[in-house]
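To keep things clear, I will list the structure first and then write my remarks on it.
The values are calculated or read from the model by the stated rules, or taken from the named source; none is laboratory data. No experiment lies behind these values; they were computed from the predicted model shown. Heads up, the Cβs are rebuilt from the backbone with ideal geometry, glycines too, and the neighbour counts pull from every protein chain shown.
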Amino acid sequence: MIQSLSIQNFLSFKDEVTLSFESTKDKKLEDFHVVEVAKGVKLLKLGIIYGANASGKSNLINAFEFLKDFWFTKTDTKDEETEVIPFLLDAKTPKEPSKFKLVFFVGGIKYLYILEISKDFVLFEKLDYYPGTQPANVFERKLENNVSEITFGPKIKVSQIAKKEITIKCLPNMSFFAAYNQVNTLIKDVHSAIDWMSNQFMDTVEPKTRLVNYVEGLISENIEIKKNILSYLQRADFNISNVNVEIEKEDIPDFFISKILESNAPTEEKERIKKERTINVTKTTFEHKVINADQSESYYNLPIELQSEGTKRIFGLSGAILTTLEKNAFLAIDEIESKLHPRLIEYVIERFLRESVQSQLLVTTHYDGLLEEDDLIRKDNIWFTEKNKDASTKLYSLSDFKAVNRITSLQKAYKYGKFGAIPNIE
């Protein structure tokens with residue numbers, strides 16, 4: 001689980017900000033919201049980000065996505081850029097490094113990852129873990145004369161040959177982890193961190209993210225997943241009584257086969273297409289139950305293309321959320337309200353909290369009705385982004401406000417600007 005992420009000089013974040021999943025001492029809804037990952041460390045399953053348009057909500061989500069991509073992206077030459085984007089609306093910051101600090105737990109063990117990176121080089125990178133109250137270093141990487149120098153902590157067992165190979169592979173514009181993945185060695189604490197980031201750190205879901213193909217694959221492989229996804233769909237459209245995914249083979253014209261063989265498709269798929277001269281086509285239909293005038297029942301199958309945008313959105317989201325629950329993973333959803341009715345948003349969040357063991361959900365939204373759902377949301381779930389006069393993003397928590405417990409309507413207080421983070425409309 002993630003404890004916190006600190007960001008500085010990245011996109012709209014000029015000065016350091018920290019998003020924390022640590023719970024306050026509030027006992028409200030604790031059984032549903034709070035997980036004690038280690039003795040005395042209680043983390044929240046849910047974070048909700050409010051803010052005006054262009055205030056930095058999506059940039060916060062992008063920071064998580066950047067870290068995951070950076071960990072696993074292998075560069076072919078040392079001349080490629082790192083793709084980090086510093087705060088550009090300033091004379092100094094474009095020339096300064098972007099900084100990240102991620103604190104997370106794997107199996108009850110705390111890890112601290114620090115990264116300082118420019119558009120050309122990784123200037124500093126470090127991973128610590130906490131076998132007790134004090135940190136122990138896994139690796140530390142510095143840039144000397146445009147060359148990465150890597151040292152390992154005294155508790156880390158790694159051969160001199162492996163150290164040399166990792167150092168050689170670690171180009172100055174790529175992560176330590178991408179270099180490690182190219183070397184035939186096993187360092188337990190490095191592997192644990194990589195496994196967590198790879199399997200328990202889901203790809204971000206944005207309003208335009210297409211998840212239909214992903215969910216179709218889940219349904220075709222697992223009948224229980226199908227039942228769960230159907231239960232989500234029936235909240236969006238009560239007439240939906242079933243969902244069917246069929247994979248059919250269609251003949252491919254010769255000219256199209258040659259194009260596929262020249263493409264970047266997986267080798268196994270190329271060989272299958274070359275041999276069978278067919279392509280797999282997925283057809284998804286939704287069965288609709290209709291009550292006729294004489295109270296009899298009729299059933300009609302309609303293709304997914306004819307479903308409402310909201311139905312298709314919840315179809316995709318449900319698959320991502322169910323996978324997150326299964327893996328005890330972290331999932332970020334940008335603009336969760338996109339194409340969804342407010343009651344459906346509440347249902348998705350309530351169900352996630354009820355079914356989550358150690359999974360986490362971070363969402364951005366403009367739907368302020370959640371602020372009134374005091375039987376669903378805790379105050380420490382709520383965060384705000386606001387644009388400063390210098391165009392940088394300020395990030396702060398609802399829990400930072402004094403006497404917030406005495407406010408009778410958080411929704412009205414937010415609407416009238418008591419917490420900031422609203423458009424400046426006059």
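Overview of results
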quantity	calculated
Hits in segment 171-205 (condition: part of a loop (DSSP other than H, G, I, E, B) and closer than 27 Å to Gln134 by Cβ)	Ser175, Thr185, Leu186, Ile187, Gln200
Matching residues in segment 327-356 - criterion: being out of contact with any Ser or Thr (no Cβ under 7 Å at 6 or more places or on another chain), farther than 27 Å from Asp400 by Cα and not in a helix (DSSP H, G or I)	Ser338, Lys339, Leu340, His341
Ser220, sole failed condition from (1) more than 20 Å from Lys327 (Cα to Cα); (2) of a type in the set (Gly, Ala, Ser); (3) part of a helix (DSSP H, G or I)	(1)
Selected residue (only one of Leu362, Leu371 is touching a strand residue (DSSP E or B) at 6+ places or on another chain (Cβ under 8 Å), among the aliphatic types (A, V, I, L, M) and in a strand (DSSP E or B))	Leu362
Where Thr311 falls short, out of the listed (1) of a type outside the set (Lys, Arg); (2) assigned to a helix (DSSP H, G or I); (3) at pLDDT 95 or above; (4) crowded, with 16+ Cβ neighbours inside 10 Å	(3)
Matching residues in segment 15-65 - criterion: being within 26 Å of Gly108 (Cβ to Cβ), touching a Phe, Trp or Tyr at 6+ places or on another chain (Cβ under 6 Å) and of a type in the set (Val, Ile, Thr)	Val37
Pair list, Cβ < 7 Å and 6+ apart or interchain, from segment 394-409 residues that are on the phi < 0 side of the Ramachandran plot to residues that are among the charged types (D, E, K, R) and surrounded by fewer than 16 Cβ atoms within 10 Å (Cβ to Cβ)	Ser409/Glu372
Criterion (surrounded by fewer than 14 Cβ atoms within 10 Å (Cβ to Cβ) and part of a loop (DSSP other than H, G, I, E, B)) met by exactly one of Lys227, Lys208	Lys208
Checking Lys259 against (1) over 29 Å from Thr323 (Cβ atoms); (2) surrounded by 13 or more Cβ atoms within 10 Å (Cβ to Cβ), the condition it does not meet	(2)
Selection status of Val158, aliphatic (A, V, I, L, M), in a helix (DSSP H, G or I) and either modelled with pLDDT under 95 or within 16 Å of Phe70 (Cβ to Cβ) (or both)	no
Search result, residues across segment 197-243 that are free of Cβ contacts under 8 Å to residues at least 40 places away in the same chain, under 25 Å from Met1 (Cβ atoms) and β-branched (Val, Ile, Thr)	none
Qualifying residues in segment 238-264 (those that are part of a loop (DSSP other than H, G, I, E, B) and not hydrophobic (A, V, I, L, M, F, W, C)) - the one nearest to Leu344 (Cα to Cα)	Asn239
Given (1) buried (at least 16 other Cβ atoms within 10 Å of the Cβ); (2) over 20 Å from the mean Cα position of the chain (by Cα), number of the condition Ile349 does not satisfy	(2)
Subset of segment 372-386 (residues that are over 18 Å from Lys27 (Cα atoms) and of a type outside the set (D, E, K, R))	Trp383, Phe384, Thr385
Residues that are in contact (Cβ under 8 Å) with a residue 60 or more places away in the chain and assigned to a loop (DSSP other than H, G, I, E, B), drawn from segment 34-61	Lys45, Ala52, Asn53, Ala54, Ser55, Gly56
Pairs with Cβ under 9 Å, 6+ apart, first in segment 272-299 and on the phi > 0 side of the Ramachandran plot, second in a strand (DSSP E or B) and modelled with pLDDT under 95	Arg277/Asp251
Selection within segment 36-49 - aliphatic (A, V, I, L, M) and closer than 23 Å to Leu60 by Cα	Leu43, Leu44, Leu46, Ile48, Ile49
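Yes or no, residue by residue, for (1) over 22 Å from Phe104 (Cβ atoms); (2) buried (at least 18 other Cβ atoms within 10 Å of the Cβ); (3) aromatic (Phe, Trp, Tyr):
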position	(1), (2), (3)
Phe201	no, yes, yes
Gln234	yes, no, no
Ile240	yes, yes, no
Glu248	yes, no, no
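Condition check ((1) in a strand (DSSP E or B); (2) surrounded by fewer than 20 Cβ atoms within 10 Å (Cβ to Cβ); (3) at negative phi) across all residues:
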residue: Phe66; (1), (2), (3): no, no, yes
residue: Thr75; (1), (2), (3): no, yes, yes
residue: Ile85; (1), (2), (3): no, yes, yes
residue: Tyr113; (1), (2), (3): yes, no, yes
residue: Leu123; (1), (2), (3): yes, yes, yes
